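Report on one structure; see the data block that follows.
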Amino acid sequence: MKILVTGGAGFIGGNFVQYMVNKYPEHMIYNLDLLTYAGDLTKHRDIEHDENYRFVKADIADRATIMELFETEQFDYVVHFAAESHVDRSITEPEIFIQTNVLGTQVLLDAAKAINVKKFVHVSTDEVYGDLDFDPTTFFTEDTPLAPNSPYSASKASSDLLVRAYHETYGLPMNITRCSNNYGPFHFPEKLIPLTISRVLADQKVPVYGNGANVRDWLHVLDHCAAIDLVLHKGENGEVYNVGGHNERTNLEIVKTIIAQLGKSEDLIEFVTDRLGHDLRYAIDPTKLEALGWQPTYNFDTGIEQTIEWYLENKWWWENIISGEYQQYFEKQYGNR
Ligand code: NAD
Ligand code: DAU
């Protein structure tokens with residue numbers, strides 16, 4: 001069995017590649033990634049020589065290369081993570097989000113259709129539903145209308161609709177998964193949790209947008225990997241599945257939790273200008289996925305504790321990242337702090 005994972009050098013795709021290589025030695029796992037600023041292969045040093053792992057450097061939007069690769073390798077399954085994923089970057093530079101997330105997905109769909117893959121799993125996000133108010137009884141279900149608010153979420157919603165259309169028009173077997181915010185090992189340090197950990201460890205100010213009251217629904221990345229594995233094997237053809245673990249926290253709670261575990265002062269918190277179009281609250285109803293047999297295994301309080309420990313033990317991975325072009329990104333995004 002040949003399984004192509006796109007974006008397998010990034011955060012979630014990277015965790016998924018390792019999960020699949022270790023769990024299924026009998027399957028060949030291909031990791032296709034362009035290695036943008038968000039992708040790196042050092043995270044795969046423990047599996048890079050495994051016989052059932054192969055890396056291919058390519059741009060998903062490069063039609064000729066992708067079509068030829070699919071023709072040559074005849075993949076059985078595609079699990080599609082590759083994307084531009086950071087909301088803030090989409091606000092300053094939307095174009096690459098359309099190029100990669102929309103046009104890149106369309107190229108993959110054409111290639112998957114050409115060789116009749118058994119299933120195309122499209123990894124999407126709860127952000128396609130827009131946002132919720134603070135009423136704790138409201139959740140995103142698979143029937144919530146799409147109402148994306150950022151260029152990032154609009155590009156993801158567009159790609160979801162293309163996947164749906166290829167299923168309806170050409171009969172391409174597919175599932176779409178829509179997950180809430182992930183946390184865990186190898187989370188790129190531009191995102192709230194790893195950014196806070198790295199800043200607090202260096203006694204630097206942590207930028208909190210607005211008043212810090214916005215709510216995200218956090219899920220451990222390995223629970224997300226297990227969900228995708230289940231959908232790949234058991235998902236009903238053509239269906240959408242929401243993924244989330246009912247772990248709602250305000251951004252301020254997250255930042256204070258990290259500061260407390262690292263034994264530092266809350267004086268490090270700095271409230272800064274709010275993100276444009278900042279979504280208020282995300283919260284997932286995962287009932288449909290649970291009916292398929294999925295349950296999250298990580299409790300958030302221990303999951304975040306273990307994640308902070310992981311960042312302390314794996315400075316070799318993230319210190320290298322934040323010393324490079326990341327510095328320029330940080331200054332452009334937050335000014336000189
Ligand atoms: P990430 O930014 O950490 O990784 C993205 C990967 O895609 C990188 O390795 C990058 O090199 C690669 N890539 C980018 N453009 C490419 C191109 N043109 N061709 C080939 N590879 C390319 O992203 P992530 O946080 O791991 O998210 C992965 C997927 O999951 C995305 O589709 C995202 O929308 C979705 N998602 C993320 C979250 C989250 O909390 N991070 C939650 C729900 C859904
Ligand atoms: O919900 C799923 C989405 O989660 C994914 O689709 C995205 O790819 C992923 O990046 C994530 O999006 P968010 O915008 O929710 O994640 P981020 O870590 O950027 O921000 C989390 C919250 O923290 C959000 O409300 C904005 C806030 N924030 C973020 C940063 C980077 C701050 O207050 N300060 C910051 O410096």
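Computed from the coordinates by the stated procedures, all read-outs in this text should not be read as laboratory data. Nothing here was measured: the structure is a model prediction, and the numbers come from that model. Virtual Cβ from ideal backbone geometry, glycine too; neighbours counted across all protein chains shown.
Things to note:
- Filtering G245, G235, G277 for residues that are surrounded by 13 or more Cβ atoms within 10 Å (Cβ to Cβ), within 30 Å of Y170 (Cα to Cα) and not charged (D, E, K, R) leaves a single hit, G235.
- Matching residues in segment 126-172 - criterion: being among the basic types (K, R) and either within 16 Å of ligand 2 (Cβ to nearest atom) or at positive phi (or both): K156
- Pairs are defined by a Cβ separation below 9 Å, a sequence spacing of at least 6 or placement on different chains, a first member in segment 193-217 that is within 15 Å of W310 (Cα to Cα) and hydroxyl-bearing (S, T, Y), and a second member that is in a loop (DSSP other than H, G, I, E, B) and within 16 Å of ligand 1 (Cβ to nearest atom); the pairs so defined are S198/P189.
- Answer residue from segment 212-246, given it is in a loop (DSSP other than H, G, I, E, B) and away from ligand 2 (no atom under 12 Å from the Cβ) and is nearest to M20 (Cα to Cα) among those: G235
- Residue under evaluation T169, criteria (1) under 14 Å from the mean Cα position of the chain (by Cα); (2) away from ligand 1 (no atom under 16 Å from the Cβ); (3) not small (G, A, S), criterion not met: (1)
- Flag if T144 is farther than 18 Å from G104 by Cα, β-branched (V, I, T) and surrounded by fewer than 22 Cβ atoms within 10 Å (Cβ to Cβ): yes
- Selection status of Y19, farther than 25 Å from Y183 by Cβ and either of a type in the set (D, E, K, R) or more than 15 Å from ligand 2 (Cβ to nearest atom) (or both): no
- Yes/no for I98 being surrounded by 16 or more Cβ atoms within 10 Å (Cβ to Cβ), away from ligand 1 (no atom under 15 Å from the Cβ), of a type outside the set (F, W, Y) and more than 19 Å from V117 (Cα to Cα): no
- Enumeration of residues in segment 33-59 that are near ligand 1 (Cβ under 10 Å from one of its atoms), free of Cβ contacts under 8 Å to residues at least 60 places away in the same chain and over 12 Å from G8 (Cβ atoms): T36, D59
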